[in-house]
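Encoded as structure tokens, the structure appears first; notes follow it.
Nothing in this text is a laboratory measurement; each read-out follows from the coordinates by a stated rule. None of these values were measured; they are calculated from a predicted model. Note that we place each Cβ from the backbone using ideal geometry, even for glycine, and neighbour counts take in every protein chain shown.
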Amino acid sequence: MFQVRIHGRGGQGVVTAAEMLSVAAFDEGRHAQAFPSFGSERMGAPVVAFCRIDDKEIRLREPIMEPDAIIIQDPTLLHQVDVFAGLKKDGFILINTSKTFDQLGLGDFIRDWRQERLCTVPAMDLALKHVGRAVPNVPLLGGFAAVAGVLQLESVIKAIKDRFSGKVADGNVAAAREAYAIVKAEMEAAMHGEAHHA
Amino acid sequence: MLKQTEGSHAVAEAVALCRPEVICAYPISPQTHIVEGLGEMVKSGDLKDCEFINVESEFAAMSVAIGSSATGARTYTATASQGLLFMVEAVYNASGLGLPIVMTVANRAIGAPINIWNDHSDSLSQRDCGWIQLFAETNQEALDLHIQAFKLAEELSLPVMVCMDGFILTHAYERVDIPTQEQVDAFLPPYEPRQVLDPAEPVSIGAMVGPEAFMEVRYLAHAKQMQALERIPQMAEEFQAVFGRAIGGLTHSYRTDDADTIVIAMGSVLGTIKDVVDEMRDAGEKIGVLGITSFRPFPIAAVAAALKHCKRFVVLEKSLAVGSGGIVATDVRMAVTGMGLKGYTVVAGLGGRAITKKSLHALFAKAGRGELEPVTFLDLDWQVVNRQLERERQTRRSGPAAESMLRDVGTVASKIA
């Protein structure tokens, strides 16, 4: 079973992102379960959503406490919420930011991590550029397809087209594709870097 | 058709396939998405010959449901938590009058303190209201139980509550198989009421009944629930013949055959318990789980039969009989009277407290060693409780308890579970 936890703020499409991940996994013939951790949700408040993906029926209903991957839609949460709680060693981390992990103050935390599993993507910029709205969830899903390798980009794109239509769908697809390309390039650079060190 | 969708949406689709004629509801979390979905289908014309009535409260919702059902219309509503409490007087009237209304209860805690999250306090507060209560373990079961509920309700002239865990199921996206209209039509015949308010053939419904016949009318309600005990398993078989899924029935046993310990629960937590049972089985523990689908009528004989060969049972319930212990546990204990079993009550998951595999492992291991208290509150933070008790000992004007305890807990935004 592969477990993803998404952190963001109310209004950033956190719950929608988890639901779309589950739809993408379903389209690949897999079992998936997406669910929100509801608080008294409101714009700007920290929100968490979860997605489990497996090849068999998912019966477990507890929140995801030991995720394989974490998507952070809002880096300001790093100082407010224990977003990395329970993350498995060498788990995948994808952050919506144009800064580096070092610049975010995460240098010590990820020192021994596999570098190609640590990715950032300026998802907010991509959303503004392609969709015209500051909703970073969909580009991050494109980035997630690249970093974690559990879902194909095309399945994510299909899920986007399921959810949205017209220009909004087209813009989100373009944003997801660009995010995918950015993350893919980061990962290749990281792997190249590691090979170089070795 | 297989589909990845939200539980609420799946239920809305299932209800629509049952061709309801009147839907009346008042929004309350976590039920709202269901009637929103149905409202959209009525508006778009996808759900034909159905009137969606906006009402001003839950009391009005159930009152309209009573009126429409009495005219012979297939009637549906949904609610949760305080909404269910608000309609209680009418809830009793619906069953007392023998009107086959189907209502989803998206299970949620009851205040005060106000809490929007899941437990079973709302439905179980209506334990004796005369409605049939069916509990769903998954979204597939939730949607399928609605189709069975209309048939059961209309055959017996009794209202049925389909209970599904709020948020955990209603807001979960998972795979469901949505039946076809042909399948549902083959299973669920058109509604033929026993009583109809019809100007052409006038009757009065809801007469005052004095001591001369009240006991008999009430007994009839009990007799109908006993009939339901027979019909529910048959209906599950009829359902399987049309839809190919084993859904419904009174209880479901999982790996109980040679089990020394049997856990008993209702609703979505059964999935988590099954995962724990599998892991404990792998480690050589003889443990199984009994899911109760029909809480009312309570399947006394089926529960007794399922527990016949075990040594001990653990009732894990998302409800609390304040001042007594468990609600489900009381019924289970009654079912096993004289069988010489050791029984434990565990109150868990109140107000959305996560029920984790880790806690269940420790709990069941303790039960297996015979070390569990008769009544346990799973993952209760004793420090918070004791601090408040101490505060109340120290100060007469100790202030509002919930607010003080929240302060002791500190900010919750930084916690995942």
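Between A:2, A:73, A:86, the Cα set farthest toward the positive side of the dipole of chain A (charges on each charged residue's Cβ, about the Cα centre) is that of A:73. Calculated [222 nm] ellipticity per residue, helices only, for the protein assembly as shown: -13000 deg cm²/dmol; basis is -39500 (n - 2.57) per DSSP H run with n ≥ 4, divided by all residues, nearest 500. Over 19 Å, how big is the tail of the calculated P(r) for chain A, in percent of all Cα pairs? Every Cα pair in chain A considered, those over 19 Å come to 56 percent. The Cα center of the stretch A:112-161 and the Cα center of the stretch B:321-383 differ in position by 44 Å.
Taking chain B as a Gaussian network of alpha-carbon nodes connected by springs under 10 Å, the highest mean-square fluctuation of the residues B:289, B:322, B:15 belongs to B:322. Take the Cα of residue B:157, go 7 Å toward its beta carbon, and the backbone nitrogen atoms of the stretch B:206-240 under 16 Å from that spot belong to B:206-209, B:214, B:216-228.
Using +1 at the C-beta of Lys and Arg and -1 at the C-beta of Asp and Glu, which of B:76, B:176, B:118 has the Cα lying farthest in the positive direction of the dipole of the stretch B:2-243? About the Cα centre, the residue reaching furthest to the positive side is B:118. Pairs exceeding a 31 Å alpha-carbon distance, out of A:56/A:129; A:88/B:308; A:161/B:43: A:56/A:129; A:88/B:308. Helix B:357-368 and the longest principal axis of the Cα set of chain B meet at an angle near 70°. From the Cα gyration tensor of chain B, with a ≥ b ≥ c the square roots of its eigenvalues, which class applies: rounded if a/c is under 1.5, or else prolate if a/b is larger than b/c, or else oblate? Prolate, since a/c reaches 1.5 and a/b exceeds b/c. The stretch A:42-152 has equivalent-ellipsoid semi-axes of 21, 18, 15 Å, by the square roots of 5 times the alpha carbon gyration tensor eigenvalues, sorted largest first. Charge dipole of chain B (Cα centre as origin; +1 on each Lys and Arg Cβ, -1 on each Asp and Glu Cβ, all else neutral): 1580 debye, rounded to the nearest 20. When +1 charges are put on Lys and Arg Cβ atoms and -1 charges on Asp and Glu Cβ atoms, the dipole computed for the protein assembly as shown relative to its Cα centre reaches about 1380 debye.
Placing a pseudo-label 7 Å from each Cα along the Cα-to-Cβ vector at residue A:100 and residue A:134 gives an inter-label distance of 2.7 nm.
Mind checking the angle between helix B:382-394 and chain B's longest principal axis? C-alpha axes, 0 to 90 degrees, to the nearest 10. Once rounded, one gets 80 degrees.
log10 I(q)/I(0), Debye, Cα-only the stretch B:84-152, no solvent, q = 0.17, 0.28 Å⁻¹? Log10 I(q)/I(0), no solvent term: -0.68, -1.34. Note on the stretch B:2-243: Kirkwood radius taken over Cα pairs, Stokes-Einstein applied at 10 °C and 1.306 mPa s, translational D equal to 89 µm² s⁻¹. Considering only DSSP beta bridges with both partners in the protein assembly as shown, what is the antiparallel share in %, to the nearest 5? Within the protein assembly as shown, antiparallel bridges account for around 35 percent of the total. Determine which residues of the stretch B:107-123 fall in the zone a paramagnetic label at residue B:404 would reach in this model, i.e. backbone nitrogen under 19 Å from the point 7 Å along Cα→Cβ. Output list for this probe position: B:112-114.
The value of relative contact order for chain B, using C-alpha pairs under 8 Å at least six residues apart, is 14 percent. Considering only beta bridges that DSSP places wholly inside the stretch A:2-197, some 55 percent are antiparallel. Comparing the stretch B:17-81 with the 2.2 N^0.38 Å rule of thumb, its C-alpha radius of gyration ratio is 1.03 (two decimals). Among A:145-157, B:364-376, B:214-226, A:168-180, sorting by the average number of other beta carbon atoms lying within 10 angstrom of each residue, highest first, gives A:168-180, A:145-157, B:364-376, B:214-226. The label point for residue A:28 and the one for residue B:300, both projected 7 Å from the Cα toward the Cβ, are 5.3 nm apart. If you take the Cα centroid of the stretch A:1-70 and the Cα centroid of the stretch B:205-221, the two points sit 52 Å apart. Estimated from the Cβ-Cβ distance and a Förster radius of 56 angstrom, the FRET efficiency linking residue B:339 and residue B:43 is about 0.55. The length gained by stretching the chain between residue B:257 and residue B:114 to full extension, at 0.36 nm per residue less their Cα-Cα distance, is 47.3 nm.
Please identify which residues in the stretch B:56-72 have an amide N closer than 18 Å to a label point set 7 Å out from the Cα of residue B:203, following the Cα→Cβ vector. B:66-72, by backbone N distance to the label point. Taking only the C-alpha atoms of the stretch A:125-198, the Rg (one decimal) and the largest Cα-Cα distance, Dmax (whole number), read 13.6, 48 Å. When chain B is treated as a GNM with alpha-carbon contacts under 10 Å, the residue of B:21, B:58, B:392 showing the greatest mean-square fluctuation is B:392. Normalised by the number of residues in chain A, the mean separation of alpha-carbon contacts (under 8 Å, six or more apart) gives a relative contact order of 21 percent. Look at the alpha carbon pairs under 8 Å that are at least 6 residues apart: their mean separation over the length of the stretch B:2-243 gives a relative contact order of 24 percent.
Shape verdict for the stretch B:1-142, please, from the Cα gyration tensor: rounded (a/c under 1.5), prolate (a/b greater than b/c) or oblate. Verdict is oblate for the stretch B:1-142. Projecting the Cα atoms of B:398, B:354, B:325 onto the charge dipole of the stretch B:309-417 (Cβ charges, centred on the Cα centre) puts B:354 farthest toward the positive pole. For the protein assembly as shown, the mean projected area of the C-alpha convex hull, equal to one quarter of the hull surface, is 32.3 nm².
Once the C-beta distance of residue B:214 and residue A:165 is scaled by a Förster radius of 56 Å, the resulting FRET efficiency is 0.40 to the nearest 0.05.
Placing +1 on the Cβ of every Lys and Arg and -1 on the Cβ of every Asp and Glu, with no other charges, gives the stretch B:186-267 a dipole of roughly 160 debye about its Cα centre.
Taking the C-alpha atoms only, the angle from helix B:214-243 to the longest principal axis of chain B is near 90 degrees. Scalar couplings 3J(HN,Hα) for the stretch B:283-294, obtained by applying the Karplus form with A = 6.51, B = -1.76, C = 1.60 to θ = phi - 60°, are 8, x, 7, 8, 9, x, 9, 10, x, 9, 8, 9 Hz; x denotes Gly and Pro.
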